[in-house]
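The values are calculated or read from the model by the stated rules, or taken from the named source; none is laboratory data. Since the model is a prediction, treat every value here as computed from it, not as a measurement. Here the Cβ positions follow ideal geometry from the backbone for every residue, glycine too, while neighbour counts run over all protein chains shown. Heads up: the accessible areas ignore ligands, DNA and RNA and are worked out on the full protein's heavy atoms, side chains in. Shrake-Rupley method; radii C 1.70, N 1.55, O 1.52, S 1.80 Å.
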Amino acid sequence: QVQLVESGGGLVQPGGSLRLSCAASGGIFSMYAMGWYRQVPGKQREWVAIITTGGSTNYADSVKGRFAITRDNAKNTMYLQMNSLKPEDTAVYYCNAATAYTYYWGQGTQVTVSS
């Protein structure tokens with residue numbers, strides 16, 4: 001069983017930056033593809049970014065060029081650097097760990113972009 005704990009959310013002004021962290025425990029972190037998702041009330045959870053076990057990355061068009069996903073296998077932690085934040089980035093951000101057979105979610109961290 002893998003436990004995922006997100007941190008780093010908060011209130012930021014438009015154009016600002018935040019770095020989210022996702023700390024994993026209970027599994028072999030390097031074996032999991034890791035991803036960030038976000039959800040606003042009344043809408044489906046949407047994919048934001050993914051990083052594979054080999055370190056390849058991919059991003060949703062809405063965040064490409066502004067967000068960067070990284071992982072530190074020695075620290076069992078994944079990060080999401082978010083720059084040039086927009087009000088439409090406001091959401092609860094969740095981290096996800098997945099293999100071909102199973103997946104896990106964290107509890108989420110709130111990001112609010114507002115002046």
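Worth a mention:
- Here S25 does not qualify as among the hydroxyl-bearing types (S, T, Y) and either more than 21 Å from K75 (Cα to Cα) or surrounded by 13 or more Cβ atoms within 10 Å (Cβ to Cβ) (or both).
Here is a yes/no grid of residues against (1) basic (K, R); (2) surrounded by fewer than 18 Cβ atoms within 10 Å (Cβ to Cβ); (3) on the phi < 0 side of the Ramachandran plot:
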| position | (1), (2), (3) |
| --- | --- |
| T70 | no, yes, yes |
| M78 | no, no, yes |
| S84 | no, yes, no |
| D89 | no, no, yes |
| Y93 | no, no, yes |
| A98 | no, yes, yes |
| G106 | no, no, yes |
| S114 | no, yes, yes |
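Let's see how each residue does on (1) over 15 Å from Q110 (Cα atoms); (2) of a type outside the set (G, A, S):
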| position | (1), (2) |
| --- | --- |
| V2 | yes, yes |
| F29 | yes, yes |
| W36 | no, yes |
| Q39 | no, yes |
| S56 | yes, no |
| Y59 | yes, yes |
| K75 | yes, yes |
| M82 | no, yes |
| C95 | no, yes |
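- Segment 33-61, subset part of a loop (DSSP other than H, G, I, E, B), open to solvent by less than 60 Å² (accessible area, probe 1.4 Å) and free of Cβ contacts under 8 Å to residues at least 40 places away in the same chain, residue nearest to K86 (Cα to Cα): A60
- Condition check for A97: part of a strand (DSSP E or B), more than 16 Å from R19 (Cβ to Cβ) and in contact (Cβ under 8 Å) with a residue 12 or more places away in the chain: yes
- Annotation: of all residues in segment 1-15 being outside any strand (DSSP E or B) and over 11 Å from P87 (Cβ atoms), the one that is least open to solvent (accessible area, probe 1.4 Å) is V2.
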